[in-house]
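Working notes, structure below.
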């Protein structure tokens, strides 16, 4: 048996095996099969791993089909290994090239890609995970493969993940695949909102543990990115308007919207234009909501409460919120901390404001907001330079210090003594 193991190890380093699979496989594999098959665990850990890696990485995975014709024992071992696979990775390569990478192997024709996926499906017990990575714009072969998955009874996806910057590229078959697997699907990551809308056009029930949506698929070369957030808001309103109770159940919802093609991401669009643009119906099943970063707009916490009345966890970040003055900043912080005092609130908000030191009513209002904040356990810190000249920084955080509003006030600290005296 030790000689057989050495033989399988030697095969993994013998490059001539790739050039002449018939001679090598029939010789070495038959030698292995002539030994005691009771030691199949050892064979599975040595021979199979070496051969499968060589067959899938060095040459297209279609080589596996050729090897089945060489040795009947190879058919047994490959079937044994693939039977325990439950995931599939598809990658659209860079450049304007018609190709598709399947399980790490480059397919240069649609026929080869479809044959490969059909072979994998014939061996696996059930396909439960799918990963799609977009590195380029050519999706014809991807669509052909997705058609195979849509028509296969062995595809019962529990998780689908999409990655890569798509620049407006829409793949409607992703939505159809989600619709097909509605009864088993629990996780959907970075799916385009138009693709998710495609899935909901059919009479299905979706019960998702986690859903991540983006608007990468809404980019329009004619209009640029000017309408991307607006279209995302409209799509989200349509999604909530057409759903009956229990048709769409989501526990954790997150959004990542692109406003520029740079690395920086801006998120939002759901609450633009005030209450008239709120989703048509609240999503009662959402208990967790996250956004990368709201646009530089002032969004009220009550809007989020209306959309997600059962929210238990909220993560939100935003830079340079356009607040009117220091009084508005304290009022805004008080609204966040009082509205979401009973949930897990996480995030960082920043703003830059001015203060009219000659308005005593503003100072009185700020002191009232400070009292409200302290009743809910908020912490307020004041920072300035050693000369007490502007800017003065107010850091307002919740008791757990998981959420804070950092306010940069363009005013000298000594001019704010009537306010800071109560802190």
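Taken together, the values in this text are just the output of simple stated rules run on the coordinates, not laboratory data. Everything numeric here is computed off the predicted structure, so don't read it as measured data. Cβ placement follows ideal geometry from the backbone for every residue including glycine, while neighbour counts extend to all protein chains displayed.
Okay, here's what the table says:
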read-out	value
Contour excess over end-to-end distance, with Cα ends at residue 106 and residue 202 and 0.36 nm allotted per residue	31.2 nm
Calculated FRET efficiency for the pair residue 352/residue 303, C-beta based, R₀ 25 Å, to 0.05	0.65
Contour minus Cα-Cα distance for residue 320 and residue 154 (0.36 nm per residue)	54.8 nm
Relative contact order computed over region 319-423 (Cα-Cα under 8 Å; 6+ residues apart), in percent	30 percent
Simple spin-label estimate for residue 310 and residue 383 in nanometres, 7 Å along Cα-Cβ	4.0 nm
Rg followed by Dmax, in Å, when region 112-205 is reduced to its Cα trace	12.8, 36
